[in-house]
Amino acid sequence: MIRELAEYERLSHEVVGGPEGLEEHLFGARPAAEAVIAEAGGEPIGFALFFTTFSTFLCRPGLWLEDLFVRPEHRGNGAGRALLSHLAEVTLERGYARIEWAALDWNEPARGFYEALGARPLEDWVTHRLDGPGLERLAPG
């Protein structure tokens, strides 16, 4: 489903990881993220991958939703809502303050879905990324 998500987001060229990385970082000694799978008839139809963040202003953790994906033939049947509802429950059970995520600016169906659930876009914030050579240049040593 990760490859399907990347294809939908027009980012297939960025998928370089594999099962070993998922094994280590989801189920290893120091998990960096968690995932939940939506199923229909015993078959996986979607997933949500998330990890903990922290708000210095609220002095409380939150969840960052890295990916939410439902296979196209199952969209509109409540799977995406069920995944987000589960994450809302996890967030509240853990005493966290919020769930945040990013959506591609061209993905109007997703953005409309999120706003219909009560999410609001943060217009004043711009996401930044430091990786590859820039990350290596900045790191000491």
message: If I go through segment 21-65 residue by residue, how many of them are assigned to a strand (DSSP E or B), out of contact with any Pro (no Cβ under 9 Å at 6 or more places or on another chain), closer than 17 Å to L5 by Cβ and in contact (Cβ under 8 Å) with a residue 24 or more places away in the chain?
response: 9
message: Looking at the structure I just gave you, is L68 assigned to a strand (DSSP E or B), among the aliphatic types (A, V, I, L, M) and within 18 Å of L104 (Cβ to Cβ)?
response: yes
Given (1) closer than 17 Å to F69 by Cβ; (2) at pLDDT 95 or above; (3) of a type in the set (A, V, I, L, M, F, W, C), index of the condition A97 fails: (1)
task: Among the candidates A33, A48, A82, A40, single out the residue that is of a type in the set (A, V, I, L, M), touching a helix residue (DSSP H, G or I) at 6+ places or on another chain (Cβ under 9 Å), surrounded by 11 or more Cβ atoms within 10 Å (Cβ to Cβ) and within 21 Å of A119 (Cα to Cα).
output: A48
- prompt: Mind checking whether some residue in segment 91-109 is among the hydroxyl-bearing types (S, T, Y), within 24 Å of A6 (Cβ to Cβ) and not in a helix (DSSP H, G or I)?
  reply: no
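Being of a type outside the set (F, W, Y), in contact with a strand residue (DSSP E or B) (Cβ under 6 Å, 6 or more places away or on another chain), within 21 Å of E9 (Cβ to Cβ) and outside any strand (DSSP E or B) is the requirement here; does G76 meet it? Let's see the steps before the verdict.
Details: of a type outside the set (F, W, Y): yes; in contact with a strand residue (DSSP E or B) (Cβ under 6 Å, 6 or more places away or on another chain): no; within 21 Å of E9 (Cβ to Cβ): yes; outside any strand (DSSP E or B): yes.
It is false that G76 is of a type outside the set (F, W, Y), in contact with a strand residue (DSSP E or B) (Cβ under 6 Å, 6 or more places away or on another chain), within 21 Å of E9 (Cβ to Cβ) and outside any strand (DSSP E or B).
The values are calculated or read from the model by the stated rules, or taken from the named source; none is laboratory data. From a predicted model like this one, the values you see are computed outputs, not experimental measurements. Here the Cβ is made from the backbone with ideal geometry for all residues, glycine too, and neighbour counts use every protein chain on show.
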